[in-house]
1. With axes computed from alpha carbons, what is the tilt in degrees of helix 5-19 against the longest principal axis of the chain, rounded to the nearest 10 within 0 to 90?
2. On the accessible surface of the chain, probed at 1.4 Å, how many percent belong to carbon and sulfur atoms?
3. With each label point set 7 Å from Cα along the Cα-Cβ vector, what nm distance links Phe67 and Gln121?
4. At 222 nm, what helix-only mean residue ellipticity would the chain give, in deg cm²/dmol to the nearest 500, using -39500 (n - 2.57) for each DSSP H run of four or more?
5. Exceeding 29 Å between C-alpha atoms, which entries from my cross-link table qualify? They are Lys33/Lys104; Lys33/Lys78; Lys33/Lys99.
6. What number comes out for accessible area per residue over the chain if the probe is 1.4 Å? Units Å², please.
7. What angle, in degrees between 0 and 90 and rounded to the nearest 10, separates the Cα long axis of helix 53-64 from the longest principal axis of the Cα atoms of the chain?
8. If only Cα atoms are counted, what is the Rg of the chain, and what is its Dmax, in Å?
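The values are calculated or read from the model by the stated rules, or taken from the named source; none is laboratory data. All values derive from a computational prediction rather than experimental measurement. Neighbour counts are summed over all protein chains in view; Cβ atoms, including those assigned to glycine, are modelled from backbone coordinates with ideal geometry. Heads up: the accessible areas ignore ligands, DNA and RNA and are worked out on the full protein's heavy atoms, side chains in. Shrake-Rupley method; radii C 1.70, N 1.55, O 1.52, S 1.80 Å.
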Amino acid sequence: MSDDPALKRIREAILREWRGADEPFDLERRVSKPDRFLKAILHQAGVAEGLQEDQVRSAWKELAGDFIARHTEPLSVKGGHLVLRVTQPAMRFHLEQMKPMLLKRLREELGPDRILSVRFQIG
C-alpha cells in the first residue's frame, strides 16, 4: 500500500465505518491481567495464607502443650481464621479465656498476618 496520506485517511474512514468506532489507541488499556487479582482471589478462598496443614498442626501442638493438644485439633485456616475442634465444652470455655494469649503465640510462630482470629467448634 502506498504512503499517500489521502489513501490512508480513506482506509481509516472505511475501517471506522465498518467497525462502528475509531481504531483503539491502546489495545491493552482496558485489559486486566489475572496476576493483578490473583492474590485477592486466593486470599478470599483461604489459600493465600500459604500455610501447610502440617505447619499449623505442629505449631498448635507446640504452643498449646500436650494436654490441650490432646483435646483439640486444628480443622482449617480460611481467610486468616483458624478453626479448632474442641472435645468438651469445658475445654472450649478454658480456651476462650486463653484466646488472646494463644492468638499472640500463633502470630509469633506463624507470622503476624497469617492468623487473624481463632474460632472453636465442639465436636
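1. 50
2. Details: 5090 of 9430 Å².
So the carbon and sulfur contribution to the accessible surface is 54 percent.
3. With each label placed 7 Å out from Cα toward Cβ, I get 2.7 nm.
4. Details: 5 runs with 66 residues, N = 123.
Roughly -17000 deg cm²/dmol at 222 nm, from the helical runs in the chain.
5. Values: Lys33/Lys104 37 Å; Lys33/Lys78 25 Å; Lys33/Lys99 40 Å.
Distance filter (> 29 Å) returns Lys33/Lys104; Lys33/Lys99.
6. Values: 9430 Å² over 123 residues.
Per residue, the chain has 77 Å² of solvent-accessible surface.
7. The helix 53-64 is inclined about 40 degrees to the chain.
8. Taking only Cα atoms of the chain, I get Rg and Dmax of 28.3, 88 Å.
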